[in-house]
Amino acid sequence: MSKVSRREFVKTTALAPLAAAPLSLGAQGPKEDRFDIVVAGAGHNSMITAAYLAKAGHRCLLLEGRPIVGGGVKTAELTLRGFKDDVCSTSHAFLLDNPMIKNDELRLRDYGLEYIDPDPIFHVPFADGSYLTQWRDVDRTSDEFGKFSKKDAAAYRQMLEEFDSIKPIVMGASFTPIGFGKPLNDQLGQLPRGKLWQRRMAMSAWELIRDTFEDEHSRTFLLFMAHLAAEPPDAPMTGRLAYGAARQQHSGRPIPKGGSGMLTQALARFIEA
């Protein structure tokens, strides 16, 4: 087999379609093979985009190179036969505040999506044999912090109260496309304690957790929650991550029945329908 340089390969590949296709601008494929939009890659964000386009009446073709759609939001046999694991995401706590789910805009329940709301919400064991559990009940969760520090129990309650006062703004900004509303920083600046919140958002999650809580168990629990966002919690401008536990105290950490991939399977059924 003769060797072909990369340059020759690219040049040949570029000319190949011209050799196979008729040189007529008017030539078109059958109507059933034509699409308004082609989406390359079936990760959950691409699937959601394609679902809304399909709902709007566009004929969409969604392409995926792997055997299962969903990207990081899928469930598959990764270890032993018969045992299914979530590839990446498990809880969809943040997603349930999205209008897609909150307002049932795609009716995904009709396509097999069902959520389980576990209690306790979160449980973190420590190396010394102790643990801290977050329950749906605020009093019970505060008592968990109180095992290590009464001050931290009170600080957690205060954190919940303070975050609840800005939660509608924070969550609203998260689901507002850029250019369609005021930036979060500008909205926070209009609040009575706006300058304080602007400063908190500019700080790192670690700085806020360190300054608010005194016991290492409390700090570790909240820091782990911040770490789930896959951003370094000691980086500037990550202050919002310090409120991860507070954000899910009332909303919980809902899990799709059957695994995380049930979301993308429901999206696939919606697009096909």
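Here is a check on your reading of the model: is residue 81 basic (Lys, Arg) and either buried (at least 16 other Cβ atoms within 10 Å of the Cβ) or in a helix (DSSP H, G or I) (or both)? Outline the logic, then answer.
On the way: basic (Lys, Arg): yes; either buried (at least 16 other Cβ atoms within 10 Å of the Cβ) or in a helix (DSSP H, G or I) (or both): no.
For residue 81, the condition - basic (Lys, Arg) and either buried (at least 16 other Cβ atoms within 10 Å of the Cβ) or in a helix (DSSP H, G or I) (or both) - is not met.
Residue 147 meets the conditions (1) of a type outside the set (Val, Ile, Thr); (2) within 17 Å of the chain's Cα centre (by Cα); (3) farther than 25 Å from residue 169 by Cα in every case but one. The failed one is (2).
Go through region 42-71 and give me each residue that's β-branched (Val, Ile, Thr), in a helix (DSSP H, G or I) and either crowded, with 17+ Cβ neighbours inside 10 Å or not assigned by the TED database to the domain that holds residue 108 (or both).
Our first condition is that a residue be β-branched (Val, Ile, Thr); within region 42-71, this holds for 48-49, 68-69.
Add one more test, that the residue is in a helix (DSSP H, G or I), and what stays is 48-49.
Across region 42-71, the qualifying residue is only 48.
Here region 179-194 is the region considered, the condition is being within 23 Å of residue 244 (Cβ to Cβ) and hydrophobic (A, V, I, L, M, F, W, C), and the residue that is surrounded by the fewest Cβ atoms within 10 Å (Cβ to Cβ) is 191. Contact map, region 65-76: residues that are over 15 Å from residue 92 (Cα atoms) paired with residues that are open to solvent by less than 30 Å² (accessible area, probe 1.4 Å) and among the hydroxyl-bearing types (Ser, Thr, Tyr), Cβ distance under 6 Å, separation 6+ or inter-chain. Pairs shown: 69/264. On the given criteria, is residue 268 open to solvent by less than 50 Å² (accessible area, probe 1.4 Å), among the small types (Gly, Ala, Ser), outside the structural domain of residue 200 (by the TED database) and in a helix (DSSP H, G or I)? Against the criterion (open to solvent by less than 50 Å² (accessible area, probe 1.4 Å), among the small types (Gly, Ala, Ser), outside the structural domain of residue 200 (by the TED database) and in a helix (DSSP H, G or I)), residue 268 qualifies.
I want to confirm something. Restricting to region 243-263 and keeping residues that are small (Gly, Ala, Ser), in a helix (DSSP H, G or I) and open to solvent by less than 10 Å² (accessible area, probe 1.4 Å), which single residue is nearest to residue 165 (Cα to Cα)? Once the filter is applied, the top-ranked residue is 246.
Conditions (1) among the polar types (S, T, N, Q); (2) touching a strand residue (DSSP E or B) at 6+ places or on another chain (Cβ under 8 Å); (3) under 21 Å from residue 176 (Cα atoms), marked per residue:
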{"position": "66", "(1), (2), (3)": "no, no, no"}
{"position": "70", "(1), (2), (3)": "no, yes, no"}
{"position": "81", "(1), (2), (3)": "no, no, no"}
{"position": "91", "(1), (2), (3)": "yes, yes, no"}
{"position": "101", "(1), (2), (3)": "no, no, yes"}
{"position": "108", "(1), (2), (3)": "no, no, no"}
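The values are calculated or read from the model by the stated rules, or taken from the named source; none is laboratory data. On a predicted model such as this, the values are computed, not experimentally measured, just so you know. A quick note on method: Cβ atoms are made from the backbone with ideal geometry, for glycine too, and the neighbour counts reach across all protein chains shown. Please note that ligands, DNA and RNA were not included when accessible areas were found on the heavy atoms of the full protein model with its side chains. Shrake-Rupley method; radii C 1.70, N 1.55, O 1.52, S 1.80 Å.
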